[in-house]
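Asks: Dropping the structure in here first, questions after.
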Amino acid sequence: MQWCTIDLHLHTPASSDYQQPEVTFIDILHRAEARGLAIISFTDHNTIAGHRQMQDEIDQLELLEKLKRIMPEEKARLTEYRRLLNKILVLPGFEFTATFGFHILGIFPPTKPVRDIEHLLLDLNIPPDQLDEGSATIGASTDVLTVYRAINEAGGLAIAAHANSSNGVAMRGFPLGGQTKIAYTQDPHLHALEVTDLENKGKHSTAAFFNGSKPEYPRRMHCIQGSDAHRLTSDPARKKNLGVGERTTDVLLPEVTFEALRELFISNDFARTRPHRQSAEPAFDFIRAAQEEGVNIVQDFHENMTIRGGKRYAIIADACALANTNGGSLFIGLSDDPRKPIPGIPDAEKSLSQLEKELINRISPPPPISLDVHETNGKKIIVVLVRRGDDPPYAVDDNKVYVRSESETVLAVRDEIVGLVMRGLPSQPVETQVENARPVAGEPGPLLPALVEDEVMETAPRTGVEIMQVETRADERYYTMRDLRNNNVVKNVTLKSARRLWHYAITAFEKLPSNPAQSHIQWQGKFGLISRNKQGNINRYDLIEKNDGRYRYYFGVTEDGIHGPWKQLVGQEDE
């Protein structure tokens, strides 16, 4: 395995907006070599003309060589092409303009015939007479999801170009419905997001937003950065106009091939991608970055893996839960507190082998996992990558089914197990497996009447739980809970059987007065704040919503679940 620096978003003079039309392909390759790039892609606007023109030039030089009619200057140019292309993998590609003006990179193996890529562009409605124009304004007649599918099915990589910036599918301020933006960034035919802030840390960076912890964006996305170079070197007058290789990504590959690159982007291994740093800058440490994010629904930490004290079993349960939920990562050999010293794992390679055997033998069916040893601060850490499984429910020792609930691993209850079974059925598309919740009247306070699903999803927070219904049977109260993250409904929950968040919600719910209008609740229109609690660095909110005298109650809502009018209510900045 070796770290390779890549820049998959380069334009050539074949793009009509290229800023230095006198630049040659040799010039671009020389600049890529000087920047230490191992893989590049020519991605001109709605055309493959740039890559085709370079290949035509090389073919012409080789023909002259074969006919022994090549001039010395031409011979030198051909020799230089061969040297550079032996050192740098150049991939054919394009930057397609889809509906709404969103840009999508299509990148293909070097063996892909240019004619096949041109036919793909024609199928995507690029006019035949404008196939070589290289204009960003051509196109915009094919929807985003169709483009993703077409590129993927043609054997290419579909990457959302500068996704968080202008003409990107995740750009801020664009009047796009929430479900559409989710589809544009979570589609299974999309391989990666190109972002412009990959080196930024913190929860507000694009990569952190798409790390799988957000309830409406459960698929963790590979995030890369590229220069989007429209010139050879950066523009001294406009620093944002980057040159070749001036914003790049490092990837860890077994070999420098398109196939290895595609395998990485299809995989669940997020430890093999990092923003490229200049040698004088400290290397990017993804383990430390994970520590800064902390424990969440897609990652957890274990300081050791000893059998005594149940440490080993806790790791096995976590792996089972991640396979049943959204997948994720386990870091073994360090805590979730960056301030604590890192204990590491002694004899990590041997421990990895033992752990892998236990995970495969004790979880059935065998979970989709991969394990590796990484080093941080001189200590060896085992990283377990777990993919969301295609054959749920996964169980430990054949009978213990675990799921991930926010930042904890818990035993699944009956309704959750039923949902997992439904998800595993081949005839049940994932999109239709969620039981549609319908709020109904209950005790002690009235809840909203049944609403259509769009209304339910539009107004409710996106994390925490909702108490939907309360029944009393033989002097015991049974609650119907809705997980606001995934809309799953669980019935017959009692105070004794409730997991931690549910127990908190029921206890808080029981303390509320029968008439919330006469309580301490802070109202803004129909939205109310019952209480705010801070646990470490995490704010949790208990909220209420009213409509015509009826109420809905939400408990344990984190900041990730706050959206729309709830933001102003809790004083959260609108991101």
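The values are calculated or read from the model by the stated rules, or taken from the named source; none is laboratory data. Only a predicted model underlies this, so the values are computations on that prediction, with no experimental measurement involved. Cβ atoms come from the backbone with ideal geometry, glycine included; neighbour counts cover every protein chain shown.
Asks: For region 521-535, state whether one or more residues are under 31 Å from the mean Cα position of the chain (by Cα) and exposed (fewer than 12 other Cβ atoms within 10 Å of the Cβ).
Replies: Yes, region 521-535 has at least one match.
Asks: Could you check region 202-243 and list, in sequence order, the residues that are within 30 Å of His30 (Cβ to Cβ), modelled with pLDDT of 85 or more and among the charged types (D, E, K, R)? Steps first, answer last, please.
Replies: Restricting attention to region 202-243, the residues satisfying the condition of being within 30 Å of His30 (Cβ to Cβ) are 222-243.
Remaining after also requiring modelled with pLDDT of 85 or more: 222-238, 240-243.
Within region 202-243, Asp228, Arg231, Asp235, Arg238, Lys240 meet the criteria.
Asks: Let me ask you something else. Give the residues of region 495-530 that are over 17 Å from Leu484 (Cβ atoms) and in a strand (DSSP E or B), sorted by residue number. Before the answer, list the steps.
Replies: Within region 495-530, the first condition is being over 17 Å from Leu484 (Cβ atoms), and the residues that meet it are 495-497, 507, 510-526.
Gln522, Trp523, Gln524 - these are the residues of region 495-530 that are over 17 Å from Leu484 (Cβ atoms) and in a strand (DSSP E or B).
Asks: Take the residues in region 294-328 that are touching a Gly at 6+ places or on another chain (Cβ under 9 Å) and among the polar types (S, T, N, Q); name whichever of them is surrounded by the fewest Cβ atoms within 10 Å (Cβ to Cβ).
Replies: Asn304
Asks: Residue check, Glu199 against (1) surrounded by fewer than 17 Cβ atoms within 10 Å (Cβ to Cβ); (2) modelled with pLDDT of 90 or more; (3) more than 15 Å from Arg220 (Cβ to Cβ); (4) out of contact with any helix residue (DSSP H, G or I) (no Cβ under 8 Å at 6 or more places or on another chain), all met but one. Which one?
Replies: Failed condition: (2).
Asks: May I pose another question? For region 38-56, enumerate the residues that are assigned to a strand (DSSP E or B) and farther than 12 Å from Glu95 by Cβ.
Replies: Residues satisfying the conditions are Ile39, Ile40.
Asks: As an exercise: evaluate Pro110 against (1) over 25 Å from Val256 (Cα atoms); (2) in contact with a Leu (Cβ under 8 Å, 6 or more places away or on another chain); (3) part of a loop (DSSP other than H, G, I, E, B) and give the number of the one condition it does not meet.
Replies: Pro110 satisfies all of (1) over 25 Å from Val256 (Cα atoms); (2) in contact with a Leu (Cβ under 8 Å, 6 or more places away or on another chain); (3) part of a loop (DSSP other than H, G, I, E, B) except (1).
Asks: Out of curiosity, is Gly556 in a strand (DSSP E or B), closer than 14 Å to Ser407 by Cβ and small (Gly, Ala, Ser)? Walk me through it before giving the result.
Replies: Working: in a strand (DSSP E or B): yes; closer than 14 Å to Ser407 by Cβ: yes; small (Gly, Ala, Ser): yes.
The answer is yes for Gly556.
Asks: I need a count of the residues in region 100-117 that are among the charged types (D, E, K, R) and touching a residue at least 24 places away in the same chain (Cβ under 8 Å).
Replies: Here is the first cut: in region 100-117, the ones among the charged types (D, E, K, R) are 112, 115-116.
With the extra rule that they be touching a residue at least 24 places away in the same chain (Cβ under 8 Å), the set shrinks to 112, 116.
Of the residues in that region, 2 qualify.
Asks: Okay, next question. Considering only region 483-497, state which residues are farther than 17 Å from Arg404 by Cβ and either surrounded by 13 or more Cβ atoms within 10 Å (Cβ to Cβ) or among the small types (Gly, Ala, Ser) (or both). Working first, answer last.
Replies: Restricting attention to region 483-497, the residues satisfying the condition of being farther than 17 Å from Arg404 by Cβ are 489, 491-497.
Listed by number, the residues that qualify are Val489, Lys491, Asn492, Val493, Thr494, Leu495, Ser497.
Asks: While we're here: Is there any pair linking a residue in region 31-57 that is closer than 17 Å to Phe258 by Cα to one that is among the aromatic types (Phe, Trp, Tyr) and crowded, with 24+ Cβ neighbours inside 10 Å, with Cβ under 7 Å and at least six apart or on different chains, and which?
Replies: Thr43/Phe94; His51/Phe42
A quick yes/no check of all residues on (1) touching a Gly at 6+ places or on another chain (Cβ under 8 Å); (2) on the phi > 0 side of the Ramachandran plot:
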site	(1), (2)
Ile369	no, no
Asp372	no, no
Asn377	no, yes
Lys380	yes, no
Val383	no, no
Pro393	yes, no
Glu408	no, no
Asp415	no, no
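Asks: Which of the residues that make up region 59-88 are surrounded by 16 or more Cβ atoms within 10 Å (Cβ to Cβ) and assigned to a helix (DSSP H, G or I)?
Replies: Leu61, Arg77, Leu78, Tyr81, Leu84
Yes or no, residue by residue, for (1) of a type in the set (Val, Ile, Thr); (2) at pLDDT below 95; (3) in a helix (DSSP H, G or I):
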{"residue": "Thr306", "(1), (2), (3)": "yes, yes, no"}
{"residue": "Gly309", "(1), (2), (3)": "no, yes, yes"}
{"residue": "Ala314", "(1), (2), (3)": "no, no, yes"}
{"residue": "Asp318", "(1), (2), (3)": "no, no, yes"}
{"residue": "Asp337", "(1), (2), (3)": "no, yes, no"}
{"residue": "Lys340", "(1), (2), (3)": "no, yes, no"}
{"residue": "Glu349", "(1), (2), (3)": "no, yes, yes"}
{"residue": "Asp372", "(1), (2), (3)": "no, yes, no"}
{"residue": "Leu385", "(1), (2), (3)": "no, yes, no"}
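Asks: Right, something else. Just checking, which of Asp17, Asp7 is closer than 25 Å to Ser166 by Cα, modelled with pLDDT of 95 or more and surrounded by fewer than 13 Cβ atoms within 10 Å (Cβ to Cβ)?
Replies: Values: Asp7 fails: surrounded by fewer than 13 Cβ atoms within 10 Å (Cβ to Cβ).
Residue meeting the stated conditions: Asp17.
Asks: Moving to a separate point now. Out of the residues in region 284-297 that are part of a loop (DSSP other than H, G, I, E, B) and farther than 17 Å from Cys223 by Cα, which is modelled with the lowest pLDDT? Walk me through it before giving the result.
Replies: Residues of region 284-297 part of a loop (DSSP other than H, G, I, E, B): 284-285, 294-295, 297.
Pick out the ones that are also farther than 17 Å from Cys223 by Cα and you get 294-295, 297.
Values: Gly294: 86, Val295: 90, Ile297: 89.
The selected residue is Gly294.
Asks: Now for a different question. Confirm whether Leu411 is at pLDDT 90 or above, under 21 Å from Val493 (Cα atoms) and not small (Gly, Ala, Ser). First the steps, then the outcome.
Replies: Working: at pLDDT 90 or above: yes; under 21 Å from Val493 (Cα atoms): yes; not small (Gly, Ala, Ser): yes.
It is true that Leu411 is at pLDDT 90 or above, under 21 Å from Val493 (Cα atoms) and not small (Gly, Ala, Ser).
Each row is one residue, and each column tells you yes or no for (1) part of a strand (DSSP E or B); (2) in the same structural domain as Ala207 (by TED's automatic domain parsing); (3) under 20 Å from Gln55 (Cβ atoms); (4) at pLDDT 95 or above.
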residue	(1), (2), (3), (4)
Asp116	no, yes, yes, yes
Leu122	no, yes, yes, yes
Ile138	no, yes, no, no
Arg149	no, yes, no, yes
Phe174	no, yes, no, no
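Asks: Looking at Asp391, Asp415, which is the one that is outside the structural domain of Phe555 (by TED's automatic domain parsing), assigned to a loop (DSSP other than H, G, I, E, B) and either closer than 30 Å to Leu501 by Cβ or of a type in the set (Lys, Arg) (or both)? Spell out how you get there, then give the answer.
Replies: Numbers: Asp415 fails: assigned to a loop (DSSP other than H, G, I, E, B).
Result: Asp391 is the single residue among Asp391, Asp415 that is outside the structural domain of Phe555 (by TED's automatic domain parsing), assigned to a loop (DSSP other than H, G, I, E, B) and either closer than 30 Å to Leu501 by Cβ or of a type in the set (Lys, Arg) (or both).
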